[in-house]
1. Do any residues in the range 8-36 that are closer than 24 Å to D46 by Cβ have Cβ atoms under 7 Å from those of residues that are of a type outside the set (V, I, T) and in a helix (DSSP H, G or I), where the two are at least six apart or on different chains, and which pairs are they?
2. Going by the structure shown, is K150 closer than 20 Å to V12 by Cα and at pLDDT 85 or above?
3. Do the conditions hold for L100, that is, is it assigned to a strand (DSSP E or B) and buried (at least 21 other Cβ atoms within 10 Å of the Cβ)?
4. Return the residues of the range 34-48 that are surrounded by fewer than 19 Cβ atoms within 10 Å (Cβ to Cβ) and farther than 20 Å from K150 by Cβ; say none if nothing qualifies.
5. If you scan the range 54-79, which residues turn out to be under 15 Å from E21 (Cβ atoms), surrounded by 14 or more Cβ atoms within 10 Å (Cβ to Cβ) and in contact with a strand residue (DSSP E or B) (Cβ under 8 Å, 6 or more places away or on another chain)?
6. Checking Y122 against (1) surrounded by 14 or more Cβ atoms within 10 Å (Cβ to Cβ); (2) farther than 30 Å from S2 by Cβ; (3) at pLDDT below 90, which single condition isn't satisfied?
7. Collect the residues in the range 11-25 that are surrounded by 20 or more Cβ atoms within 10 Å (Cβ to Cβ) and not in a loop (DSSP other than H, G, I, E, B), keeping them in residue-number order.
Amino acid sequence: MSKEYLISIITVAKNAETTIEKCIKSVLNQNYKNIQYIIIDGNSTDNTKKIIDKYSNKISLIVSEDDNGIWDAMNKGIKLAKGEILGFINADDFYYENSLKIVNKYFENQNIDFLFGTVKKYKLMHGYNPSIIKWSFRFYTSHSVGFFIKTKKHKEVGFYNTKYLSADLDFF
């Protein structure tokens with residue numbers, strides 16, 4: 001019998017009216033249903049809130065308030081996450097249909113605390129290369145879309161340090 005982990009997905013947004021709907025639909029249309037979907041909106045002044053509200057009955061939690069940038073917003077989401085696995089998807093990104101089913105399969109079948117998945121950006125990006133961590137921002141595929149971690153482990157390592165531009169690099 002396979003285990004379906006509760007996966008908390010966090011989207012942080014601010015003035016993302018041109019991309020947020022595709023992002024939301026990509027999460028809601030997953031063929032994996034054990035999802036806690038959290039959207040942290042930085043008090044958008046465009047139509048972002050209106051678009052989010054359109055899907056509010058399918059989104060687990062929506063927070064719309066001023067924040068101190070992306071890392072502060074992500075930290076808010078982490079504090080609200082109830083899932084065993086945590087993932088981030090920025091408002092201008094999207095998941096393919098089977099993404100969370102694949103994530104669950106890896107956590108179910110492998111003894112792992114985190115996962116870097118393949119991401120398509122300007123080219124297909126995949127893998128993890130520890131030998132270039134010190135000098136390359138390309139050692140991971142994409143923080144938001146391709147990275148999943150056990151929530152307990154993320155909280156053990158800590159939150160994103162809001163004083164850094166690349167707080168995800170600092171976290172890794």
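1. Going by the 7 Å Cβ cut-off, the qualifying pairs are I10/M74; I10/G77; T11/C23; V12/A73; V12/M74; V12/G77.
2. Numbers: closer than 20 Å to V12 by Cα: yes; at pLDDT 85 or above: yes.
It is true that K150 is closer than 20 Å to V12 by Cα and at pLDDT 85 or above.
3. Numbers: assigned to a strand (DSSP E or B): no; buried (at least 21 other Cβ atoms within 10 Å of the Cβ): yes.
So L100 does not fit the description; no.
4. N43, T45, D46, N47
5. Within the range 54-79, I59, I62 qualify.
6. Answer for Y122: the failing condition is (1).
7. Within the range 11-25, T11, V12, A13, I20, C23, I24 qualify.
The values are calculated or read from the model by the stated rules, or taken from the named source; none is laboratory data. In this text, all values refer to a predicted model and were calculated from it rather than measured experimentally. Note that we place each Cβ from the backbone using ideal geometry, even for glycine, and neighbour counts take in every protein chain shown.
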